[in-house]
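Here the structure comes first, spelled out in structure tokens, and everything after it is commentary.
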Amino acid sequence: MSEIDRLLAEHCPDGVEVKMLGEIGTFIRGRRFTKADMVKKGIPCIHYGEIYTEYGVSTESTISHVREDLRNQLRYAQPGDVIVAGVGETVEDVGKAVAWLGEGEVAFHDDSFLFRSELDPTYVSYYFQTSTFRTEKEQHVSRAKMKRLSSSGLSRITIPVPPPEVQCEIVRILDNMTELRAELRAELQAELQARTRQYGHYRDLMLRLPASGKSWPKVKLREVADIRVGFAFKSKEFSEDPAAIRLIRGDNIGQGRLKHKGYKRWLRNENDALDPFLLREGDVVLAMDRPWIPAGLKWAQIKEGDVPALLVQRVARMRAHSAQVDERFLGRLIDSPNFTEYVLSVQTGNTVPHLSGAQIGNYEFRLPSRAEQVHLAERLEAFDALMNDLSTGLHAEIDARRNQYEHYRDKLLKFEKRVA
């Protein structure tokens, strides 16, 4: 018999009473403050959006503060209160709760509520994560663009009310499980980061071509590849027709692959002279605005499933036109540390750094033999496959542990209901 089973048998052998939240506590709405009111030092506050993005089930400190001169205009939660998000972008977000366990009061936003009761606040916050709570909550969420919960809706949601001893034991167990899960997640993510760094190290060694070579001629990119900048399509002429041709914009380009969401489309007219802007398999595309971001250049190599597609303004297309150049190597060349360093040295603009087609074409490098190009490309593709497998496996392990945690959390918070 577990400790919880013993406590339940001792204190509530006939089952656990289930009550509506409004019967056992009070919901109070916060008062408005904006992000412009937030300062580095001031009154501790919790913004509704932080509840489902920054906090766990409980907290003893806040990540935000508001101006002192607003003190008399705000509403405050006390230690032991539970702060609930009343607004969210998804049904999952709205209704997320955090127990305030800090010292002193904390201001909370008007798109959130405090719940004050005699229940253990962390127990309440954990229960607000369960599938049972979510099922009831969905009946009271307004389905506008922003999902909303009212205090009256929250008040009608039910919660099991076991004795304080049981609540305390459940919180102790779930706190331990949460800590173990966080440790495992951190270990798996650290493993993935270590392997990513290892991959990057060997990739860079392979792609950092020597400054000189007996048989490697020095060439400019424009000498071995056709470089074209995209067409200036007008947004008012974009089409909603899913059969229309896709447009490859900078927003669709990631690090080494296209993002297959958010495509704009163009209903092509037979009279449009757009053939030069049609992409084909093997082409390399590079975002010319904001090309440098911490993760690397925004580039991709066009695959069979990416076409038909058109090249849009501020995106460059590179297409090997020499039999000396392997298309896969061309993509790896753009991903190389040498090319990245070149981009940093020639890009212009401060707020919005950008490249020109001429600057891309002037990139100079030593061209290995075609056989060596193919060898490098194949080895790097093998590296990519290994990294993708590792990443997929580790993320699957993290998901499995999360599902396991949620299963046992829900099981702990489900009781035999007392029959009146």
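The values are calculated or read from the model by the stated rules, or taken from the named source; none is laboratory data. Computed from a prediction, not measured in an experiment: that's the story for all the values here. With ideal geometry, Cβ positions are generated from the backbone for all residues, glycine too; neighbour counts draw on all protein chains shown. Note: accessible area is taken over every heavy atom of the protein model, side chains too, but ligands, DNA and RNA are not part of it. Shrake-Rupley method; radii C 1.70, N 1.55, O 1.52, S 1.80 Å.
Table for the structure above
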read-out: Which listed pairs, of Lys236/Lys264; Lys220/Lys264; Lys96/Lys264; Lys147/Lys236, have C-alpha distances above 23 Å, in listed order; value: Lys220/Lys264; Lys96/Lys264; Lys147/Lys236
read-out: Rotationally averaged projected area of segment 273-347 (alpha carbon convex hull; nm²); value: 5.8 nm²
read-out: Probe 1.4 Å - accessible area at Asp204, Å² to nearest ten; value: 50 Å²
read-out: Whole-percent carbon and sulfur share, accessible surface of segment 363-420, 1.4 Å; value: 51 percent
read-out: Nearest 10 degrees, 0 to 90: helix 370-412 Cα axis against the chain principal axis; value: 10 degrees
read-out: Accessible area of segment 1-151 belonging to carbon and sulfur atoms, whole % at 1.4 Å probe; value: 45 percent
read-out: Scaled radius of gyration (Cα, divided by 2.2 N^0.38 Å) that segment 323-397 gives; value: 1.42
read-out: Mean shadow area of segment 1-77, taken as a quarter of the surface of its Cα convex hull (nm²); value: 8.1 nm²
read-out: Local net charge near Arg418, Cβ-Cβ under 13 Å (Lys/Arg +1, Asp/Glu -1); value: -1
read-out: Crossing angle, helix 164-207 versus the chain [Cα axis fit, 0-90 degrees, rounded to tens]; value: 10 degrees
read-out: HN-Hα J in Hz across segment 25-41 - Karplus 6.51, -1.76, 1.60, θ = phi - 60°, x for Gly and Pro; value: x, 10, 9, 10, 7, x, 10, 6, 8, 10, 5, 5, 7, 7, 9, 5, 10
read-out: Cα-Cα P(r), the chain, percent of pairs per 10 Å interval; value: 4, 17, 19, 18, 17, 14, 8, 3, 0, 0
read-out: Ile170 accessible area, 1.4 Å probe, all protein chains in place, Å² to nearest 10; value: 0 Å²
read-out: Rg(Cα) / (2.2 N^0.38 Å) computed for segment 271-395, rounded to two decimals; value: 1.14
read-out: log₁₀ of I(q)/I(0) at q = 0.10, 0.12, 0.14, 0.15 Å⁻¹ - segment 60-219, Debye sum with one point per alpha carbon; value: -0.55, -0.70, -0.86, -0.95
read-out: FRET efficiency for Glu304 and Arg148, using Cβ-Cβ distance with R0 set to 35 Å, rounded to 0.05; value: 0.20
read-out: The chain: most fluctuating residue of Val285, Val229, Val39 per GNM, C-alpha cutoff 10 Å; value: Val39
read-out: Sum of side-chain charges, His407 neighbourhood, beta-carbon under 13 Å (Lys, Arg +1; Asp, Glu -1); value: +3
read-out: Cβ-derived FRET efficiency at R0 56 Å, His11 paired with Asp241, nearest 0.05; value: 0.30
read-out: Accessible solvent surface per residue of the chain, calculated while the other protein chains remain in place, 1.4 angstrom probe, Å²; value: 53 Å²
read-out: Whole-number D in µm² s⁻¹ for segment 76-137, Kirkwood Cα-pair radius fed into Stokes-Einstein, 10 °C, 1.306 mPa s; value: 134 µm²/s
